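See below for the structure under consideration.
The values are calculated or read from the model by the stated rules, or taken from the named source; none is laboratory data. Keep in mind that what you see is a predicted model, and the values were worked out from it rather than measured. For neighbour counting, all protein chains shown are included, and Cβ atoms are generated from backbone atoms with ideal geometry for every residue, glycine included. We work out accessible area using only protein heavy atoms, side chains counted, and drop any ligands, DNA or RNA first. Shrake-Rupley method; radii C 1.70, N 1.55, O 1.52, S 1.80 Å.
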Amino acid sequence: FLGAGKPPMYGDYEAQRHWQEITYNLPIRQWYFNTSDNNLLYWGLDYPPLTAYHSFVCAYIAKLINPDWVALHTSRGYESQPHKLFMRTTVFVADLLVYIPAVILYCFSLKETSAKKKASTCALCILLYPGLILIDHGHFQYPLSLGLALWAVLCLSHDWDLLGSVAFCLALNYKQMELYHSLPFFCYLLGKCFKKGLKGKGLVLLAKLAGTVLLSFAACWLPFGSDVDQIMQVLRRLFPIDRGFHGQDKVANIWCSLSVLIKIKNVISPRTQLKLSFAVTFLSLLPACIKLTVQPSLRGFKFALVSCALSFFLFSFQVHEKSILLVSVPVCLIINEIPFMATWFLLVSTFSLLPLLLKDGLLLAYAVTTPAFLAVCLASFSILEKTSAEDLQLKAFSLSLKGYVSWFKSFPRIVRSLFLLSLSLMGVLSVLSAAVPPPQSLPDLFPVAVAVVSCLHFLLFLAYFNVVILWDPKNRGQKKMS
C-alpha cells in the first residue's frame, strides 16, 4: 500500500483503519470534530455518515478479533499481516454483498443480452475492469458507493423508482462524490413525473420521490440531526473548498492540464476558482440534462450518467485521480451497446491512474490486468469489427451532416487507426513512466504527460457521448431495458 510503514501518515490503508479506531472509541458527536482524541489533520473523517457507520461495523468485528487493531492512539500505523488480511476481507465482503450482485443482475436483465452466454460475458468484462480492481484492492477503497449506485440504476430499469431513490441516497450518503451521478438521476425521475402529468400521476410520483429522499437522508443523518453545529461541521469536512482546484497529484482533468501552461491557482483565489469551475461544469452538462428531462428514457439516462460524471471529472473543483471510476462504472453499463468506445474509454481511464498506481507499487498488477481486460473485450465483443457509424451510435449524427456523409464511409478505418495509435501511445508512456528516470529539470514529466494525454482523450469522449445523447431520435431507448 502507498505509504505503508512510512510515518507520520502511513497511507490510505491507515486512513480506513484510523476511521475504524475513531468511530469505535469516540462518541458520535466527536467523529467530525477536532479534539485531543481526534486530530483531523491525521486522516480525519471527510466522508458522509454512512462511511462512518460502516467503519464502526468493521471496527466492532476487528475489536472481537484483536483489540489492538482499533485501540485509541496506540494502534496508529498498525500493519500486521493478520490485520491486512482482515482489511482485505472487508473489501471483498463489500464486493460480494453489494457490487458484484448488482453487476450480475444488471447484465442478466438486459433485454438484448438475454442469452445467458452474452450476459455472462458482459458481466465478466465489467468485473474485470482493471481500474476498480486496482483501486479497491490495491489502493484500498471500498466499492460500496458505486455498488449502491448500480443497485439504483438496476431498480430504475425495472420502474422501481422509490427503491432506486433510496439506493442512490444511500450511495450519496456513503461518498459525496456520488454527486457526479446526481443530476441524471434527478432529471430522469423529474422527466418521468412530467411525462405522467404534474396534475395527476406525475404529481403523486413526485411527492413520493420527494418524501423518499427526505426520509432516506433523515435516517442517515439522524445521529447528527439534533445539533446544527454538528451538521455544519460534517458539511465543512465533506466540502473543504479552501484547498483550490486540485491536490498534490497530477489529475487528468482540464485544470491540471492547463496548469502546465498557466498556474491558475496562483492567478485567481480559491473562491473565484470555485465559481469558475461551477460555471464551466454546469454549462458542459446542461445539454445532456435538458435532453434527459424533456425526453426521459433509460438509454438516455445511462448515457447521461457517463456524460455528466465526465463533465464533473474534467471541470469541477477538487478532483482526485480515482474519481475517474465514477465515470468508468456508468461506461461499464453501456459496454454491450457501444463495446468499442466503452473498451477504449475504460483502457484510457485505467491508464490515467498510472502515476497513482506506480506510487502504490502496482505496476505488475497494472501490466497484467490491463492487457487481460483488453483481451477479454476483444474476445467477447469483437470490438475492432464494431467501428461503423451505426455501431458507434452515430448514424443519426452522420445523416444530419448531409453533404459530409461520404466522409463516414472511411470512418471505421479512421476510428480503428486512432484506437491503435492511442493504445501505442499509452503503452509507450507506461513503459517510460515505469522504466526511465525523468530529467532532473522536469521531475514530473511523465505524470504530467499521462495526465495531459488522458485529458485530451476524455475531452474527445465527452464530445462523443454528448453527440450520441443529443442526436438520439425521440423514439429510441423507450424499450424496457436498452
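For Ile28, the test of being at negative phi and buried (at least 20 other Cβ atoms within 10 Å of the Cβ) is failed.
Of the residues Ile100, Ile61, Ile104, the single one that is at pLDDT 95 or above and over 23 Å from Phe224 (Cβ atoms) is Ile61.
If you go through region 424-452 and pick out every residue that is part of a helix (DSSP H, G or I) and either open to solvent by 30 Å² or more (accessible area, probe 1.4 Å) or under 18 Å from Lys263 (Cα atoms) (or both), you end up with 14. Report yes if Arg76 is assigned to a helix (DSSP H, G or I) and basic (Lys, Arg), otherwise no. So Arg76 fails the test.
Take the conditions modelled with pLDDT of 90 or more, open to solvent by 50 Å² or more (accessible area, probe 1.4 Å) and closer than 25 Å to Ile383 by Cα and apply them to Ser417. Does it pass? In short, yes.
Cβ-Cβ distances below 6 Å connect the following pairs, each with a first residue in region 248-272 that is modelled with pLDDT of 75 or more, a second residue that is surrounded by fewer than 18 Cβ atoms within 10 Å (Cβ to Cβ), and a separation of six or more residues or different chains: Ser257/Val452.
Table: residues versus (1) open to solvent by 10 Å² or more (accessible area, probe 1.4 Å); (2) not acidic (Asp, Glu).
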residue	(1), (2)
Lys118	yes, yes
Thr121	yes, yes
Leu124	yes, yes
Leu127	yes, yes
Leu134	no, yes
Phe140	no, yes
Ala152	no, yes
Asp159	yes, no
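Here is a yes/no grid of residues against (1) under 23 Å from Ala375 (Cα atoms); (2) touching a helix residue (DSSP H, G or I) at 6+ places or on another chain (Cβ under 6 Å):
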position: Phe56; (1), (2): no, yes
position: Ala62; (1), (2): no, yes
position: Gln81; (1), (2): no, no
position: Ala94; (1), (2): no, yes
position: Thr121; (1), (2): yes, yes
position: Leu124; (1), (2): yes, no
position: Ala152; (1), (2): no, yes
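Taken across region 353-372, residues that are open to solvent by 10 Å² or more (accessible area, probe 1.4 Å) and closer than 18 Å to Pro184 by Cβ do not occur at all. Restricting the first member to region 39-51 and to residues that are among the aliphatic types (A, V, I, L, M), and the second to residues that are open to solvent by 40 Å² or more (accessible area, probe 1.4 Å) and at pLDDT below 95, the beta-carbon pairs closer than 7 Å and six or more apart or on different chains are Leu40/Asn34; Leu45/Arg237.
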